[in-house]
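One structure below.
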Amino acid sequence: MPSKYINDEFFRRLETCALNLRSDLNGFFGGKHLVKTYGQTVEFADYREYMLGDDIRRIDWNLYSRFEKYFLKLFTDERQMHTQIYLDCSASMGRTNPQKADYAAAFAAALGFLSVHNMDKLSYNLIRGGTANDPYGLIVGKTSFFRAVGDFESIAFDGEADLGQAILHGAETLQGNGLSVIISDFFTDSDWRKAVDYLCFKNRQVLLIQVLAPEERDPLYSGRVSLIDAEADDSLDSRNMKLQITRGLQQAYAEALHDFLDDISSFCASRGAGFVSVCSDQPIEKALFGELLKTGILQ
């Protein structure tokens, strides 16, 4: 587990929070998420008139004595959701910057903890190439969760990742709705937007978390530099280049990054998905308790 960012004290603080999912999700019986349907909890919700075939044990006889009409007591329903976390394990996520990889893994661990703490099912999908590997299986309960995240330090970040293909392939057999989280820098040519559309079609609540390194957010390079793509096969790859970094080029990069983030944010807003962009030098507690609270996914 990336202990640099999260520890027992951090998990204790997370226990005071909860994932706030849409009430139109169905989920499975036995969780803690309130949904729009009525169920069998002890929390009163409403009354409705008795109809033929209703359970007479739910009739409120006090109301009958007052109005001489039969009314049923309705109670809230709580469901268990399935949280899917997709972690981009490509080289750009940390082969040359372990801090970025640890930060992304810590975010995945924190969101996973919130899920199992709220009695939800959890699965981790590690994306490499065009596949999403699920090495830990379906996680239920904190014992299984800590066993899984204890292996996070051995996750290898290398090669490329086709987010769109990997998520689409894995979501075809997805049963039930809930929360799907994609953690990546989104520096990819793959059509991840199509995957988000498909998850929304499956009635999943979608959250995108972009993790950037400080030098990606605000590069301080100057003069002649050689830029090597972390996912390039060799030094002769066409994606590698030599540049003369000027103030004008730095300004152009800042504007391009701003447009890039604005494009992702606009796309997510149009689909009803959440989007958070964080930097790996930002305290993870600030990112979680600040940025996620703004999206409404954390309460």
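Read-outs: derived from the displayed coordinates by stated rules, not from any lab. Just so it is clear, the structure is predicted and the values come from calculations on it, not from any experiment.
Structure summary
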read-out: Distance from region 246-299 to region 103-150 (C-alpha centre basis), Å; value: 23 Å
read-out: Note, ³J(HN,Hα) from phi for region 159-164, Karplus 6.51, -1.76, 1.60, rounded to Hz, x at Gly and Pro; value: x, 10, 9, 9, 4, x
read-out: Average projected area [Cα convex hull, region 78-147], square nanometres; value: 4.8 nm²
read-out: Fraction of the pair-distance distribution of region 112-199 above 22 Å, Cα-Cα pairs, percent; value: 30 percent
